[in-house]
Amino acid sequence: MNTAPLQPGKLRLGVNIDHVATIRNARGGDHPDPVRAAEIVAAVGADGITAHLREDRRHIRDEDIARIQEATGLPLNLEMAATGEMLAIALRHRPHAACIVPEKREERTTEGGLDAAGQFELLAPMVARLSDAGIRVSLFIGPEVRQLEAAMRLQVPVVEFHTGEYAHAAGEQRAVELKRIADMAALAARNGIEPHAGHGLTYDNVQPIAAIPQIAELNIGHYLIGEAVFVGLEAAVRQMRALMDEAR
Ligand code: PXP
């Protein structure tokens, strides 16, 4: 497993492969396999694989965790809700990193950051158990002082700032959201916490976030998998066409 320290200046890319699993799960079979996606992602120079084992298993399934870990040498960042079930699974698989995220059954995606301040008592023993197992714990929080201060008290090595509000903001509000993230990234770094960021990042909005010097890693999923459909559809249709023509 690659646990090498960060190269100065290099912004890591973690690719979230959940939505390959979403497509697979739509038919309940094995195709497309998120492990194959992880292998491709590793081959083209991504720095990590991110996957969210949700309570309802709508993305990856339990057995995917070990398969992903075995398939590539890349560090796995397991996104997990702060529940006893997920803690046990994380301790069993010992991913390189665990990112604690808020999770609501009815939400379409992780809609907001974790209330690390409000859930301090729940999170403290969980962070300790994960850290004791050698797992690098991260908290997925909004870019807010109160949440960052809670992360400091919880002594996590990493926070991931939720970039959803930035990504969805238009006009001048986007600059306001960007500044909030930049300010919180600087504050995190000054306090010895490595800032990451993710959610809703696209070709159009990634660069201002990527330019924030303290941010060490971006985790990007939905847009990349969506774009991959367009980049790959031509080759897939051509291959099907060729197979059909060959059969006649
Ligand atoms: N980081 C975390 C903690 C997430 O939960 C997610 C997915 O919700 C992402 C990054 C990736 O977001 P997206 O799929 O919008 O790129």
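The values are calculated or read from the model by the stated rules, or taken from the named source; none is laboratory data. All values derive from a computational prediction rather than experimental measurement. Positions of Cβ are backbone-derived with ideal geometry, glycine not excepted, and every protein chain shown enters the neighbour counts.
What residue, of Ala228, Ala188, Ala197, is buried (at least 20 other Cβ atoms within 10 Å of the Cβ) and assigned to a helix (DSSP H, G or I)?
Numbers: Ala228 fails: buried (at least 20 other Cβ atoms within 10 Å of the Cβ); Ala197 fails: assigned to a helix (DSSP H, G or I).
After applying the criteria, what remains is Ala188.
Determine if region 24-35 includes at least one residue that is aliphatic (A, V, I, L, M) and either at pLDDT below 95 or outside any loop (DSSP other than H, G, I, E, B) (or both).
Yes; the residues of region 24-35 include at least one that is aliphatic (A, V, I, L, M) and either at pLDDT below 95 or outside any loop (DSSP other than H, G, I, E, B) (or both).
Going by the structure shown, is Ile65 touching a residue at least 12 places away in the same chain (Cβ under 8 Å) and either part of a loop (DSSP other than H, G, I, E, B) or in contact with a Pro (Cβ under 9 Å, 6 or more places away or on another chain) (or both)? Steps first, please.
Details: touching a residue at least 12 places away in the same chain (Cβ under 8 Å): yes; either part of a loop (DSSP other than H, G, I, E, B) or in contact with a Pro (Cβ under 9 Å, 6 or more places away or on another chain) (or both): yes.
Criteria met by Ile65.
Considering each residue of region 127-147, count those that are within 16 Å of the ligand (Cβ to nearest atom) and either touching a residue at least 40 places away in the same chain (Cβ under 8 Å) or under 14 Å from the mean Cα position of the chain (by Cα) (or both), and give that number. Don't jump to the end; show me each part of the working.
Narrowing region 127-147 to residues within 16 Å of the ligand (Cβ to nearest atom): 127, 130, 135-144, 147.
Checking which are either touching a residue at least 40 places away in the same chain (Cβ under 8 Å) or under 14 Å from the mean Cα position of the chain (by Cα) (or both) leaves us with 130, 135-141, 143-144.
Here the count works out to 10.
Pick from region 210-223 the residues that are near the ligand (Cβ under 7 Å from one of its atoms) and of a type outside the set (Ser, Thr, Tyr): which of them is nearest to His196 (Cα to Cα)? Spell out the reasoning first.
First, the residues of region 210-223 that are near the ligand (Cβ under 7 Å from one of its atoms): 219-223.
After this cut, where a residue has to be of a type outside the set (Ser, Thr, Tyr) as well, the list is 219-222.
Details: Asn219: 8, Ile220: 11, Gly221: 14, His222: 17 Å.
Residue satisfying both the conditions and the ranking: Asn219.
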Q. Looking at region 95-118, which of the residues that are away from the ligand (no atom under 13 Å from the Cβ) and in contact (Cβ under 8 Å) with a residue 40 or more places away in the chain is farthest from Arg67 (Cα to Cα)?
A. Arg105
Q: Collect the residues in region 214-236 that are without any contact (Cβ under 8 Å) to a residue 24 or more places away in the chain and under 22 Å from Gly113 (Cα atoms), keeping them in residue-number order.
A: Tyr223
Q | Which numbered condition Asp18 misses (of (1) more than 13 Å from the ligand (Cβ to nearest atom); (2) charged (D, E, K, R); (3) modelled with pLDDT of 95 or more) | A | (1)
Q) Looking only at region 122-143, which residues are surrounded by fewer than 17 Cβ atoms within 10 Å (Cβ to Cβ), of a type outside the set (A, V, I, L, M, F, W, C) and part of a loop (DSSP other than H, G, I, E, B)? A) Gly134
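I want to confirm something. Restricting to region 153-176 and keeping residues that are aliphatic (A, V, I, L, M) and part of a loop (DSSP other than H, G, I, E, B), which single residue is farthest from Leu78 (Cα to Cα)?
Residues of region 153-176 aliphatic (A, V, I, L, M): 154, 156, 158-159, 167, 169-170, 175-176.
With part of a loop (DSSP other than H, G, I, E, B) added as a condition, the list becomes 156, 169-170.
Values: Val156: 15, Ala169: 28, Ala170: 31 Å.
My answer is Ala170.
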Q: Please indicate, with yes or no, whether at least one residue in region 46-60 is in contact (Cβ under 8 Å) with a residue 24 or more places away in the chain and in a helix (DSSP H, G or I).
A: no
(Q) Condition (residue is within 16 Å of the ligand (Cβ to nearest atom) and touching a strand residue (DSSP E or B) at 6+ places or on another chain (Cβ under 6 Å)) applied to region 227-243: is it met by at least one residue? (A) no
(Q) Taking the conditions exactly as written (part of a helix (DSSP H, G or I), small (Gly, Ala, Ser), surrounded by 21 or more Cβ atoms within 10 Å (Cβ to Cβ) and without any contact (Cβ under 8 Å) to a residue 40 or more places away in the chain), does Ala150 satisfy them or not? (A) yes
